[in-house]
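The numbers here are math on the coordinates, done by the rules we state, and not lab data. Model, not experiment: these values are computed from the prediction. Every residue, glycine among them, receives a Cβ derived from its backbone with ideal geometry; neighbour counts consider all protein chains shown.
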Amino acid sequence: SKYTWVDKDTCIACGACGATAPDIYDYDDEGLAEVIFDGDNNRGVMAIPDDMFEDMQDACDGCPTDSIHIEDAPFNKEA
Ligand code: SF4
């Protein structure tokens with residue numbers, strides 16, 4: 001499985017990831033990105049379906065600050 005999490009400390013709210021993978025990433029009130037897939041709430045705990053891997057990787061590759069992280073295990077971040 002794959003899991004993803006956005007580091008808001010380095011996100012610059014450029015708006016790219018949500019355009020690339022709108023089912024995975026959206027923005028908070030400050031425009032900072034967060035994982036919204038399946039109620040993840042940017043905890044990095046919801047397994048991303050295989051058919052969304054390409055969009056997820058494209059968003060990761062396109063992030064100008066490398067704020068999008070992808071791992072094989074859950075991140076278990078605080079919401
Ligand atoms: Fe933030 Fe990166 Fe998404 Fe831009 S692409 S909004 S910097 S996480």
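Points worth noting:
- Exclusive hit being in a strand (DSSP E or B) and without any contact (Cβ under 8 Å) to a residue 12 or more places away in the chain, set Asp26, Asp61: Asp26
- Out of Asp66, Asp23, Asp61, Asp28, sole residue that is of a type in the set (Asp, Glu), under 10 Å from the mean Cα position of the chain (by Cα), over 16 Å from Ser1 (Cβ atoms) and surrounded by fewer than 18 Cβ atoms within 10 Å (Cβ to Cβ): Asp23
- Residues that are under 16 Å from Ala73 (Cα atoms) and either surrounded by fewer than 20 Cβ atoms within 10 Å (Cβ to Cβ) or within 14 Å of the ligand (Cβ to nearest atom) (or both), drawn from segment 41-54: Asn42, Arg43, Gly44, Val45, Met46, Ala47, Pro49, Asp50, Phe53
- Meets criteria (over 14 Å from Gly62 (Cβ atoms) and in contact with a Leu (Cβ under 9 Å, 6 or more places away or on another chain)) for Lys2: no
- Criterion (hydroxyl-bearing (Ser, Thr, Tyr), on the phi < 0 side of the Ramachandran plot and part of a loop (DSSP other than H, G, I, E, B)) met by exactly one of Thr10, Thr4: Thr10
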